[in-house]
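What follows is one structure encoded as structure tokens, with my remarks underneath.
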Amino acid sequence: MGQHGMSRGRLRAVAAGSLLVMLGCLVGFVLSEAGFRSFLYVKYPGMFRRSPPDQRFAAYDVSHWEFDERFGYVYPPGRVIHQTNVQDGRVTSCQRLDVINKYGNIGPVVGDYHQAKVKVLVFGDSWSAFHHDGRTWPAFLQDILEARLNRKVHVVNFGRDGYGILQMFDLAVAKIDEWKPDLVVFAFISDDLTRARFWRTVVGDGDEARVLTTLEPVRNPAARASADTFLLMPSATYEWCKHAAATRSTDAVLERLIRKHHVLLEHNNPAGAGTADVLNLSHSLLYNRLVRGDAFAFRLNPAINPRVPYRSYADDPGFLRSLERIKAAGVPWTLFHLAYYPEIKAEKEYTLRGQQQALLKSLETMTGRRVLRTTDYIKMPVPRAERMNAAPDNFHPSLWGMELYANAVAEALVRNELVKPSARP
């Protein structure tokens, strides 16, 4: 065999070897992906699409939110909202939500802020805004601090659902100047670290009205940059809902409500795009986990739950401006991490991914403050930790969980001398 024949033979051998290596890698990755999907399906069954889909949903007769260019949105002061709950094509129950107080915050106003000896503002997300018949953990905090300090205390709850660190600081700049408190508490959960700024707005009229979450600070955002926040149906009044629930009947209003639910569901989550599918090969759960740090990174429309791209708050000019203004106000303030059920159950303060860890470190570096931690101010381990959940599938705080958080925050404030008891007996 000539030299050229031998060279061609070697080339074919090298090519065949390379092909075998590539095929081996591909088979290995496919097997790893299959194994990882099986593991996730067992551990996180709720993240995988079911057939048929759950037919439970709810609708408001008026929006819980109004557009605000500075703060993303506001809760309309004193607004009463009626909620219709539907399951399997029938109205099951009705709720009257009368929890937005005269200041546009969640929960009743108890006492006179201006007469209080200790004035505290709390900025947070839905963990602070979440309520049971108007009761929130900041409301518990007011009662606990009054008892511990033997002084009149007033806690104002600026919890806003969906907020992250960025919008908490943006809102605080304006409210500190307006309310002139003695102390400010930023209370956040781990997920808040990566949340970007967003806006909510109502577009359309009548039963065509929609409340949208958008990445743009505009009242009428482009469809590509927005997603439906909650189902609105003005004709689904409280009186209609009570009648429909009592009679279990179907009428034109209910038919429109169900039709709108399906249309918006497809618009925001086409073909089950928001959930995982074991057999869907359009994305790799293993790749998402290794590269993005989250196997289910595809699951949420960015307009519904936008995330920051960076790993340090130093890269956010808006945060830097807000931080400087808060420092210049001269009001004492602190950061408190609300460890939620999976963290408490695991007896860990944080369960963070890489980007979250980096942002937490930058938060402490940029602010010059150590984040106060729930697990340092409660007795660990917490027996029957599931009691802190509002429901088995809802990790927002129950009444018991609210008291746990309020006691932890109160203990942290007292122990770190951020508030002090009255000198009088």
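The values are calculated or read from the model by the stated rules, or taken from the named source; none is laboratory data. Keep in mind that this is a model prediction, so the values were computed, not measured. So basically every Cβ, Gly included, is an ideal-geometry build from the backbone, and we count neighbours across all protein chains shown.
Key figures
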read-out: Residue that is farthest from N157 (Cα to Cα), among those in segment 89-110 that are in contact with a Gly (Cβ under 9 Å, 6 or more places away or on another chain) and part of a loop (DSSP other than H, G, I, E, B); value: D98
read-out: Within segment 235-246, considering residues that are without any contact (Cβ under 8 Å) to a residue 24 or more places away in the chain and more than 15 Å from V62 (Cβ to Cβ), the one surrounded by the fewest Cβ atoms within 10 Å (Cβ to Cβ); value: A246
read-out: Positions within segment 195-234 being surrounded by 14 or more Cβ atoms within 10 Å (Cβ to Cβ), of a type outside the set (K, R) and over 30 Å from Q356 (Cα atoms), in sequence order; value: V202, V203, D207, A209, L231, L232, M233, P234
read-out: In segment 150-180, the residues that are basic (K, R) and crowded, with 20+ Cβ neighbours inside 10 Å; value: R160
read-out: Residue identified as free of Cβ contacts under 8 Å to residues at least 40 places away in the same chain and in the same structural domain as V155 (by TED's automatic domain parsing) among N389, N394, N407; value: N394
read-out: Some residue of segment 162-180 being in a loop (DSSP other than H, G, I, E, B), closer than 30 Å to H243 by Cβ and under 22 Å from the mean Cα position of the chain (by Cα); value: no
read-out: When residues of segment 387-421 are limited to those that are part of a helix (DSSP H, G or I) and in contact with a Lys or Arg (Cβ under 8 Å, 6 or more places away or on another chain), the one farthest from S128 (Cα to Cα); value: V414
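Yes or no, residue by residue, for (1) in contact with a Ser or Thr (Cβ under 7 Å, 6 or more places away or on another chain); (2) under 26 Å from D68 (Cα atoms):
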| position | (1), (2) |
| --- | --- |
| L212 | yes, yes |
| V218 | no, yes |
| A225 | yes, yes |
| L231 | no, yes |
| S235 | no, yes |
| W240 | no, no |
